[in-house]
Structures are given as C-alpha cells and as structure tokens.
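Remarks on the structure that follows.
The values are calculated or read from the model by the stated rules, or taken from the named source; none is laboratory data. All figures in this text were calculated on a predicted structure; none of them were measured in a lab. For neighbour counting, all protein chains shown are included, and Cβ atoms are generated from backbone atoms with ideal geometry for every residue, glycine included.
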Amino acid sequence: MLNWIGPWLVAIEPEAGRVVADFHTAFNLVMAAVFLPLLRPFAQLLVWLLPARAAQADPSKPVYLDDSAHETPAIALAGAAREALRMADVLEAMLRGALDAIDQGDRKRVVATKGLDDVLDRLNRAIKVYLTELDLDSLDDDDNRRLTEILAFITNLEHAGDIVEGNLMALAAKQLKRGLAFSVEGQAEIRAMLERLVGNVHTAAAVFMTDDARAARSLLGEKEVFRDLEAHATEAHFARVRAGRVESVETSALHLDILRDLKRINAHIAAAAYAVLEKRGELLSSRLRRDAEVPPQ
C-alpha cells in the first residue's frame, strides 16, 4: 500500500525523515485500535486451549518451621508444635482411610492411606531436624520440657502411622484380595473402635496444646477402654466362631489382628497424656501409691 500511502504522506510532510516517523506512529495507532479489543477474547481462547496445570501443595512440606526463629526458642517451639498438629491431622486422615478401606472395601483408600504414611514420616523427620538445630544453651527448663514433649508427641504419631500403614492396611489388602467379609457384628466392632480412635486423636492434640489435666485423664483412660473393647470384641468373635458363623470363621485371624493393632494405635495416641499427668504427680507415683493400698491376694 506504500504506492498510495507514500505520496499522501509526502504531500502532508515533505521532510523524508519526518515522513518515516509519522508513518510508524500512525501504523502503531491503527494496529492498537484494531487488535486491543481482540486481546481479551483471544486470551480466553488461549486459557481454554492451554489450561494451567493446577499446582498442588506438597502435604509433606513443613509450613511452620521458620529457620529465622531459631534465635527465639519460644517462637521456634511454637512453630514446631503447630507442625506437630499437622501430623495429627495426617494420622486422622489415615484412620479415616482405614475405616473406608475396611468398612467399605475401598481399594483406592488402601493405596491412598499407605501413601499418607510417607507424609507423616517426612513431617516427623523435618520437625526433628528443626528442633536439633536449636541452640540448647538458649533454652530454659520450660523450653527443654516443651521440646521433649514435642519430640515424644510426634514420635508416637509416627509409630501409630506405621501400624496403620504396615499392619492395618496390609490386613485390609489381604481381606480385599481374598474377597472376605466380616460378620455384621464384627464389622460394627471394628468401625466403632476406628471412630473412637479418630476422637482420641482430637483429644491428644488438645492435650498436647493445652496441658489440660481433665482431658489428659480422659485420654489415658482410653487405654483401659480399648482393653475392654478388645476383650469384649474377641469374646464375641469366638462366640460367633463356636456358633459356626462362616464369615467369622473365615476372617478369624484378620479380625483378631485388627483388634490388636487398633489397641496398639490407641496406646501411642494416649501417650500424649503422660507428660501432663507426670507434671502433676498423677502418673507413676499415684499408680504406685494405689498399688500399695491394694492388699495382697
């Protein structure tokens, strides 16, 4: 189009250098006027054609472990405690996954629950490394006590997760592979114990954060509750076996192993109560005192 545009521009501006500058200015203005209104629909077309890949946060990556807080023990310990609560959330998710896997026969939940143990292990490792980097000379007695409590809490959560992943999920996978089904009563017993474990994780987290003695006593009392639940469920299971219930006979070993593992998991969760009750003199000394008051049989 220069054959038409050139003479017209020269008629307006005879200076050649100025003509070139005017042409480029006019060209850019025309291009902007034509294409700017099209940018938004074109952008929407690109988003539709090339959707952004959703970036999922890594659940095993620590969120509250601030390296800059190492010089302030109270802040560093608070961050480690908040990270420990994330571990409690992961353990709760594992127990709910175990409930779905065993109660509903969900194979996908078996795999997903086993994967959560890796998250638990990584968080546990990160918290321990973070705490070992604290300057011990800057910690007072309360700080040292809290550090010990955090280490004990996360260690017990990690052990509980190992039992869920290594034992409970292995038993669930075996049940699904063999196509076995628990009796209605046996299924209800396992479901009730798993749901109670989830509640105990909540209580353990509350005890860990608040040092509440009443909650600690209640949590420690769950050990006795689970011993009774296991004993009653085992007795009821053997009664069904003696009655010739086919489903109970076929799942006998699985059922008893699951009951045992649920009690072991609860023992690790209930351990959160020890530090609180020990500070109040309600743990070892009171037990010994009660034992001394019991006359020999």
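Mind telling me which of the residues 7, 51, 37, 59 ends up being within 30 Å of residue 132 (Cα to Cα) and of a type outside the set (Phe, Trp, Tyr)?
59
Could you grab me the full set of residues in the range 60-95 that are of a type in the set (D, E, K, R) and modelled with pLDDT of 95 or more? Of everything in the range 60-95, those that are of a type in the set (D, E, K, R) and modelled with pLDDT of 95 or more turn out to be 82, 83, 86, 89, 92. Restricted to the range 61-84, and to residues there that are crowded, with 18+ Cβ neighbours inside 10 Å and aliphatic (A, V, I, L, M), the residue that is farthest from residue 178 (Cα to Cα) is 69. Filtering 181, 126 for residues that are farther than 27 Å from residue 260 by Cα and in contact with an Asp or Glu (Cβ under 8 Å, 6 or more places away or on another chain) leaves a single hit, 126. Whether any residue in the range 227-236 is among the hydrophobic types (A, V, I, L, M, F, W, C) and closer than 23 Å to residue 113 by Cβ is what I want to check. For the range 227-236, residues among the hydrophobic types (A, V, I, L, M, F, W, C) and closer than 23 Å to residue 113 by Cβ: present. Looking across the range 64-82 at every residue that is without any contact (Cβ under 8 Å) to a residue 60 or more places away in the chain and in contact with a helix residue (DSSP H, G or I) (Cβ under 7 Å, 6 or more places away or on another chain), the one that is farthest from residue 251 (Cα to Cα) is identified as 69. Would it be correct to say that residue 164 is buried (at least 17 other Cβ atoms within 10 Å of the Cβ) and over 30 Å from residue 70 (Cα atoms)? Criteria met by residue 164. Of all residues in the range 106-120, none are out of contact with any helix residue (DSSP H, G or I) (no Cβ under 7 Å at 6 or more places or on another chain) and either within 18 Å of residue 191 (Cβ to Cβ) or buried (at least 18 other Cβ atoms within 10 Å of the Cβ) (or both).
Residue by residue, here is whether (1) touching a residue at least 12 places away in the same chain (Cβ under 8 Å); (2) assigned to a loop (DSSP other than H, G, I, E, B); (3) surrounded by 19 or more Cβ atoms within 10 Å (Cβ to Cβ); (4) hydroxyl-bearing (Ser, Thr, Tyr) holds:
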| residue | (1), (2), (3), (4) |
| --- | --- |
| 175 | yes, no, yes, no |
| 180 | yes, yes, no, no |
| 185 | yes, no, no, no |
| 190 | yes, no, yes, no |
| 194 | yes, no, yes, no |
| 200 | yes, no, yes, no |
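Within the range 121-147, being polar (S, T, N, Q) and at pLDDT below 95 holds for 132, 138, 144.
Here is a yes/no grid of residues against (1) of a type outside the set (Asp, Glu); (2) part of a helix (DSSP H, G or I); (3) in contact with a strand residue (DSSP E or B) (Cβ under 9 Å, 6 or more places away or on another chain):
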| residue | (1), (2), (3) |
| --- | --- |
| 14 | yes, no, no |
| 31 | yes, yes, no |
| 62 | yes, no, no |
| 89 | no, yes, no |
| 98 | yes, yes, no |
| 101 | yes, yes, no |
| 109 | yes, yes, no |
